[in-house]
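Worksheet for the structure shown next.
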Amino acid sequence: MLSDLLAYTVRILPGLGLVTLCYLLTRPLRDPLARIVVLILGFVLIRDAMTPAGLWHLGTAGAVPWLRFTPDPALLVVCGTLTLATTALILRTDRRLAALVPWGRADLRTLGGGLGGGLLAAAPVLALAAARPLDERGGAVALSLLPALAFFAPAGNLAEEVLFRGLLQTRLERDTGRTRAALLSAALFAACHTFLASTVTDVGWPLLAFTLYEGLICAHLRNRHGVLAAALAHGLAIFLLSSALL
């Protein structure tokens, strides 16, 4: 685990250094949009570098995208914990950004919306994948990995939802209104997967179609129930798609 984590850290460190410099230079700006864009660029770097580092694998069975994470549960737990800690640190030290995030209520409506949204997001891919043999769509996943995966999926995707639905969508609402901000947040979310779909991997348009669809669901949930529901939906969808349970 330590060697894999070290190699991954070395890979992303130069880019993260530049992103951190840009973030610090934009902190004095009254408008938070520049800082939000910088943070999204940093997240895209961290996420997409997982592919050459071997922390996850993406592919297609026909036109059906599939996803598998590293089989090392300790590595998943460490990465998920670091992601949560980094998100908390940014929001705690930048109060103007933290004030933008509409978390929503931690209640049954939020839970139901998040669970329903996650099932809705994953359902088309799972339905299409059912016609394909398991070994063509990533293969089986060890049951011992599932607890770590159940932690990592929501932890990592909470950060992504804070960025796109919490910060970006809220900031865009000031200029475009609620509906257009939701559409923009979904479209930009999908667009930020272009490099992953077309350069880092060969998954191509199926990944972009899925992320646009998922982004629309999460943007709607954010408007109805807050970021907590969107993050729950996103995390559940990724867990279902990567666990090979269905």
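Let's see how each residue does on (1) assigned to a helix (DSSP H, G or I); (2) among the basic types (Lys, Arg):
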| position | (1), (2) |
| --- | --- |
| Arg68 | no, yes |
| Leu76 | yes, no |
| Thr81 | yes, no |
| Ala85 | yes, no |
| Leu89 | yes, no |
| Leu100 | no, no |
| Arg105 | no, yes |
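Figure legend. Inter-residue proximity from region 72-90: first residues more than 19 Å from Phe164 (Cβ to Cβ), second residues of a type in the set (Asp, Glu), beta-carbon distance below 9 Å, spacing 6+ or different chains. Indicated pairs: Asp72/Asp4; Leu75/Asp4. Only a single criterion out of (1) touching a Gly at 6+ places or on another chain (Cβ under 9 Å); (2) at positive phi is not satisfied by Gly177, namely (1). With respect to the conditions (1) more than 16 Å from the chain's Cα centre (by Cα); (2) buried (at least 16 other Cβ atoms within 10 Å of the Cβ), Arg174 falls short on a single one, namely (2).
For region 16-33, a residue qualifies if it is of a type in the set (A, V, I, L, M, F, W, C), surrounded by fewer than 19 Cβ atoms within 10 Å (Cβ to Cβ) and in contact (Cβ under 8 Å) with a residue 12 or more places away in the chain, and the qualifying residues are Leu16, Cys22, Leu33.
Residues are listed down the side, and each one gets a yes or a no for (1) buried (at least 22 other Cβ atoms within 10 Å of the Cβ); (2) in contact (Cβ under 8 Å) with a residue 60 or more places away in the chain; (3) closer than 24 Å to Trp56 by Cα:
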{"residue": "Asp107", "(1), (2), (3)": "no, no, no"}
{"residue": "Gly118", "(1), (2), (3)": "yes, yes, yes"}
{"residue": "Arg132", "(1), (2), (3)": "no, yes, yes"}
{"residue": "Leu143", "(1), (2), (3)": "no, no, yes"}
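Restricted to helices (runs of 4 or more DSSP H) entirely inside region 168-246, those with at least 3 residues that are at pLDDT 95 or above and more than 30 Å from Asp31 (Cα to Cα) are 205-225, 227-243.
Residue check: is Phe152 within 14 Å of the chain's Cα centre (by Cα), open to solvent by less than 10 Å² (accessible area, probe 1.4 Å) and over 16 Å from Gly114 (Cβ atoms)? Judged against the criteria, Phe152 is not a match. If the condition is being small (Gly, Ala, Ser) and either open to solvent by 30 Å² or more (accessible area, probe 1.4 Å) or over 23 Å from Gly80 (Cβ atoms) (or both), then region 34-52 contributes only Ala34. Considering region 5-15, and only residues there that are surrounded by 15 or more Cβ atoms within 10 Å (Cβ to Cβ) and among the aliphatic types (A, V, I, L, M), the residue that is modelled with the lowest pLDDT turns out to be Leu5.
The values are calculated or read from the model by the stated rules, or taken from the named source; none is laboratory data. What you are looking at is a predicted structure, and each value in this text was computed from that prediction instead of being measured. Neighbour counts are summed over all protein chains in view; Cβ atoms, including those assigned to glycine, are modelled from backbone coordinates with ideal geometry. We work out accessible area using only protein heavy atoms, side chains counted, and drop any ligands, DNA or RNA first. Shrake-Rupley method; radii C 1.70, N 1.55, O 1.52, S 1.80 Å.
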